[in-house]
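Comments concern the structure below.
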Amino acid sequence: MTLGDRITRALSEEAENRDVDLLGLYADTQRRLVQAGPARRTPQLVPLLVAASVLCVLVGGAFLRDASNGGTGPDRVPYPVATSFRGDVDDDFSCPDREVYDWTRLETVTDDYFVASLRGGPQTQADLHEAPRFEYVEQGERAFLRFGNRDGTLATLSEFRLVDGEWTRWRSEVCTGADGGIAVPLVDELALGKRAEAPYPVNIMGGAPVPAVLLDDRQYYNGVGLIRHRSIYLERCEKQICVTAIHDPTSALLTQTRARDAGRPRDMSTLFWPADELVGRTNLHSLYVLYDPEDAIAEIRGDLDDASKVSSAAFTDGSWPGTVHAVLLRESTVDAIVVVPRVGEPRSYPPEELPGWTPDG
């Protein structure tokens, strides 16, 4: 067990006595930063900012795990170091939607997570953005740089034009999900579990493996249009259950169910997608989790605005008593979250009355 793990366990107990919803504060901070109009942080700064965030939020009930195997500085490089393969990128997009950046009208570009460039050459740019594949072609006074995913699907198409003898960014198209979201399309999108490639190991950032259960693993489009994935795990934290979302090999966000929730499901929607990737986009999903150590709950369910109902999935493990119930819903469709006990009458809660709820999901 690492020092960070020991601090985790110790602070978990202390956090029970503090009524601080840090996930809500985190989401609110992200929202205020967008309103203020600062730049989104670029991918190469993620390890450094996550490490700083650990110090800021370690005193509460949720925190960012240490990313000490990454970072930047005089003797460090961004983690991981990518080596992009040149060639075999589709000519046409197959993603649900695209965001268009018109670099000739910078007032229309509200998100600088990605800034098209040829500085250092196409290979350098592809490596910088960790694009598995890329293609570059010049056609007279126009040039095109394509970033592709491992399977060759087109993620980003940037056009450059010669202006005063220099290649100048002109226009980019970047893959996004449908309806303003970032999710890669899935059949039965509300089913939890292993939905993508091999999940990240729960101890990817160091320490011995711990007993953990995979809650969900699925793909999304990052700010460059490339397909990435994140993994969410359940593990015991003293008398509670810790829920850890691993966004990449350098960053993870952790929260936990809490005794003071008094049998109400906790809204963990802000954990479902990496918050940085949602800036300027929409979180279409709501995740509700309830830990039932006594096995007194049959299920939790979502009652939707079309009168349909979605039941929770049940997660168990020998490392903790009882059952964790979790249900994933489309945020815009939820009328109520219902707790169905094995004995007695169901209890219904509007989403805004649940712990962890925030106005923007």
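Brief remarks follow.
- Scanning region 195-235 for residues that are part of a strand (DSSP E or B) and closer than 30 Å to LEU157 by Cα yields ASP217, ARG218, GLN219, TYR220, TYR221, ILE227, ARG228, HIS229, ARG230, SER231.
- Condition check for PHE134: crowded, with 17+ Cβ neighbours inside 10 Å, of a type outside the set (Asp, Glu) and not in a strand (DSSP E or B): no
- Residues of region 84-141 that are modelled with pLDDT of 95 or more, touching a helix residue (DSSP H, G or I) at 6+ places or on another chain (Cβ under 7 Å) and of a type in the set (Asp, Glu): ASP97 alone.
- Residue list for region 241-256, restricted to those being in contact with a Pro (Cβ under 9 Å, 6 or more places away or on another chain) and either under 24 Å from VAL115 (Cβ atoms) or of a type outside the set (A, V, I, L, M) (or both): HIS247, ASP248, PRO249, THR250, SER251
- Among the residues of region 236-275, the ones that are part of a helix (DSSP H, G or I) and within 19 Å of ALA212 (Cβ to Cβ) come to 2 in all.
- Residues satisfying the stated conditions in region 210-231, i.e. under 30 Å from LEU128 (Cβ atoms) and either touching a helix residue (DSSP H, G or I) at 6+ places or on another chain (Cβ under 7 Å) or in contact (Cβ under 8 Å) with a residue 60 or more places away in the chain (or both): ASP216, TYR220, TYR221, ASN222, GLY223, VAL224, GLY225, LEU226, ILE227
- Residue, nearest to the chain's Cα centre (by Cα), within region 195-209, restricted to residues that are touching a residue at least 60 places away in the same chain (Cβ under 8 Å) and surrounded by fewer than 17 Cβ atoms within 10 Å (Cβ to Cβ): GLY206
- Residue match in region 176-198 (condition: of a type in the set (S, T, N, Q) and over 30 Å from ARG330 (Cα atoms)): no
The values are calculated or read from the model by the stated rules, or taken from the named source; none is laboratory data. In this text, all values refer to a predicted model and were calculated from it rather than measured experimentally. Quick reminder, even Gly has a Cβ in these numbers, built from the backbone with ideal geometry, and neighbours come from all protein chains shown.
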